[in-house]
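Derivation of every value follows stated rules applied to the coordinates shown; laboratory data play no part. Every value quoted in this text rests on a predicted model; they were computed, and no experiment measured them. Glycine gets a Cβ as well: all are built from the backbone with ideal geometry, and neighbour counts include every protein chain shown.
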Amino acid sequence: MELNVITNDYDASKTGEFPCISCHTNCCKEYVIFVNAHDIYRLSVELTMEPESFLEIYGAKDYDLGIKVKEGLLDLALKQKDSRCMFLEESKDVFRCTVNDFKPSVCKSYPFQMKNGRLIQMSEKMCPVDWNTKEFEVMMKTHLKKDKDEWKFYDNLVLEWNAKNGIKKPLAEFLKFMLDRVVLEFTRTDN
Ligand code: SF4
Ligand code: SF4
C-alpha cells in the first residue's frame, strides 16, 4: 500500500486539501496510542462503552510514571485490532477514524510535540507531510493548552493514587477513581 508523499512545508491554504485525506493513515497503524483520564472519559461517554473494552494495558517499567495496581506497574493505551488502532476503519482502501470528534489528544497533536516549551515536529515521525509548524501552532493553540493541562491532571492523579494505594488495588478501581475525578473536575469548572 503506497503512502502519498507531500513534503516541503505543507500549507493547506495553498492546496485546499487537508493532507490526511489522501494519506493511508499510517500513524494510526504504527503507534501505540497512550491515553489520559480525559481521553478515556470522552471515549467511554461518547461510545457508551466501559473503558476496559477499549483499553490495552502495557507494563510501565520503561516509563517514569506508571499506575501501581495489583496487576503490576501499568500504562493505558488504546486496544489494537489487526495490528492497528481498533477505531480505524477501512472501506474501499480509504481509512477513517471512527472516533474523530473525540479522539485522544495525542492523535490531535500528531506529528507535533512540545519540547522545552517549544512546539516541534517529532524527529522520528513517519508522517510524510512536512507541516507548517507556525500554522499548526496557531490552529491548535487551544487544543495544545488543553492537552498540556489534561496530561498534567492525569500525571497528578496517578501520583496521588500511587501514594495512597500502592499495589493493593485492582486496575478497575483505579479506572473508577480516575473517571470520578474527571467528573468532579467538570462539576467544579461548571460552577
Ligand atoms: S498525520 Fe500524517 S501520517 Fe497521519 S494521516 Fe495525516 S498525513 Fe497521514
Ligand atoms: S483514535 Fe483515531 S486518530 Fe487515533 S489512532 Fe485511532 S483511528 Fe487514528
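Before moving on, here are some points about what is shown:
- In terms of distances greater than 26 angstrom between alpha carbons, the cross-link table entries K68/K152; K70/K103; K70/K145; K79/K108; K146/K168 yield K70/K103; K70/K145; K146/K168.
- Of all DSSP-defined beta bridges confined to the chain, some 95% are antiparallel rather than parallel.
- In the range 12-190, taking the dipole from charged Cβ atoms about the Cα centre, the farthest positive-side position among P128, V99, N162 is held by N162.
- Full-extension gain in nm, Y58 to R118, via 0.36 nm per residue minus C-alpha separation: 18.7 nm
- Overall form of the chain per C-alpha gyration tensor (a/c, 1.5; a/b vs b/c): prolate
- Anisotropy class of the range 60-135 from Cα gyration tensor, a/c 1.5 cut: oblate
- Size of charge dipole - the range 12-190 - debye, nearest 20, with Cβ of Lys, Arg +1 and Asp, Glu -1, no other charges: 360
- Among T25, T133, T142: highest mean-square fluctuation, GNM of the chain, C-alpha pairs under 10 Å: T142
- When the chain is described by a simple charge dipole with +1 on each Lys and Arg Cβ and -1 on each Asp and Glu Cβ, the residue from A172, M114, M49 located farthest towards its positive end is A172.
- CD proxy at 222 nm, helix term only [per DSSP H run n ≥ 4: -39500 (n - 2.57); per residue of the chain; nearest 500]: -12000 deg cm²/dmol
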